[in-house]
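The values are calculated or read from the model by the stated rules, or taken from the named source; none is laboratory data. All values derive from a computational prediction rather than experimental measurement. Cβ coordinates were reconstructed from backbone atoms using ideal geometry, including for glycine residues, and neighbour counts include every protein chain displayed. With ligands, DNA and RNA removed, areas are computed over all heavy atoms of the protein, side chains included. Shrake-Rupley method; radii C 1.70, N 1.55, O 1.52, S 1.80 Å.
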Amino acid sequence: MATGIGRQTPCALLLRTRPALNHALTSLANPSLFSARRLFSLSFSSSSLATNKQHKRGPQPILSLLEIGGVKIGKDDVVRENDPTNNVTDSIFSKIGLQLHRRDNHPIGILKNAIYDYFDANYGGKFIKFDDICPLVSVKENFDDVLVPANHVSRSYNDTYYVDAQTVLRCHTSAHQAELLRRGHSHFLVTGDVYRRDSIDSTHYPVFHQMEGVRVFSPAEWIPSGLDATSYAATDLKKSLEGLARRLFGAVEMRWVDTYFPFTNPSFELEIYFQEKWMEVLGCGVTEQEILRRNGRLDNIAWAFGLGLERLAMVLFEIPDIRLFWLTDKRFTSQFSGGQLGVKFNPFSKFPPCYKDMSFWINDSFTENNLCEVVRGIAGDLVEEHPHMRSVGESRSFKRYV
Ligand code: DAH
């Protein structure tokens, strides 16, 4: 599992280094040293080894030249088999440029547009939107410019995809904050694909999508309030994000949790009470003054937030597995359409689609149960009625069996 930028987990760092792997292997050879905690470190070992180039071949052919946000990207520039400073695989390269967040009928695009609508409605179109910025960024942009400490675990080759020692696939959309501030923007939203080396399960995938929001205030805005600049920004931030959460989830209970991010102080997480548990929605805070100072905004105060679109979309659309977002199968893509936030996902067979309709004449005495007997007799006990084909057409026997 990759480590979030906000979390400080020195013990996770320890577990994910190569010496930890060696130690785990030694422990395996010596059962008396073997403990549950070491087993945990071993479970990460395959990803530590993934820099080994023999794992890099993906099954499908992929485009070898892309253009994103005006930047041309050649596959050979990003995947370099013999370069020890490069750990980008073919399968990761194949995701660059797919930009699920720019597809209006895809759950990720639908959610992005709903958030855009919220900001447009509440800020009269002041927030400028960026969703086509190239994901190849410098180490400086990804980490240094947002004050990620030199020894932070997220900088490791284990957690981040390095193109070379100075260039990464961005691991968060915060990588664009500094440049946009420098360019003079004071209200902006950045949406993009982000990349983190990660474990394999239904909630983790090495490519996902984030949205970053930044708002800068000038002294003329906070002075009349009588509040100090930081309290003014924090109050505005909380109000704005509570409104967003209500727009997405309805009248839910919410709470603010203090946390740590290198780029904000104070830093918070917003949680909502949804489907009987507290769920983290986003991270945010008042931008570190040092970031503003370095980017020509010394006299200002700002807030920033970052949210993971998959996490929210999985809840809103009831999509149970993060890998489903990448399907091009019509059985997935046809379930969603632009503007329809929160349509509930209908599960389908994990087997490839196989359309074979069959019609036959029946006499009046033939019942549904007669049909079931015939089907079960031929297809065996594991045959199932397709849940979404029930009561299609007028006849009781128009059903689909898979
Ligand atoms: N970059 C953070 C992450 O990827 C998310 C985040 C948190 C962004 C707080 C922000 C922020 O702008 O203020 O985990």
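Condition check ((1) of a type in the set (D, E, K, R); (2) assigned to a loop (DSSP other than H, G, I, E, B)) across all residues:
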site	(1), (2)
Tyr260	no, no
Met279	no, no
Gly285	no, no
Glu290	yes, no
Asp299	yes, yes
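Taking into account only those residues within the range 129-163 that are open to solvent by less than 40 Å² (accessible area, probe 1.4 Å) and of a type in the set (Asp, Glu), which is farthest from the chain's Cα centre (by Cα)?
Asp145
What about Arg311, is it under 22 Å from Ile115 (Cα atoms) and surrounded by 18 or more Cβ atoms within 10 Å (Cβ to Cβ)?
Taking the combined requirement at face value, the residue satisfies it.
How many residues does the range 180-227 hold that are assigned to a helix (DSSP H, G or I) and small (Gly, Ala, Ser)?
Counting residues in the range 180-227 that are assigned to a helix (DSSP H, G or I) and small (Gly, Ala, Ser) gives 2.
Would you check which residues across the range 259-314 are near the ligand (Cβ under 8 Å from one of its atoms) and hydrophobic (A, V, I, L, M, F, W, C) and list them?
Phe261, Phe263, Leu282, Cys284, Trp303, Ala304, Phe305, Leu307 - these are the residues of the range 259-314 that are near the ligand (Cβ under 8 Å from one of its atoms) and hydrophobic (A, V, I, L, M, F, W, C).
Determine whether Ser365 is of a type in the set (Gly, Ala, Ser), in a loop (DSSP other than H, G, I, E, B) and farther than 25 Å from Pro107 by Cβ.
Yes; evaluated as a whole, the condition is true for this residue.
Restricting attention to the range 215-227, does a residue exist that is aliphatic (A, V, I, L, M), touching a Leu at 6+ places or on another chain (Cβ under 9 Å) and closer than 30 Å to Tyr161 by Cβ?
no
If I ask for residues that are open to solvent by 50 Å² or more (accessible area, probe 1.4 Å) and of a type outside the set (Asp, Glu), which ones from the range 206-231 would you list?
Scanning the range 206-231 gives Ala220, Ile223, Pro224, Ser225, Gly226, Leu227, Thr230.
Take the conditions surrounded by fewer than 18 Cβ atoms within 10 Å (Cβ to Cβ), modelled with pLDDT under 95, farther than 30 Å from Val216 by Cα and β-branched (Val, Ile, Thr) and apply them to Val343. Does it pass?
Taking the combined requirement at face value, the residue does not satisfy it.
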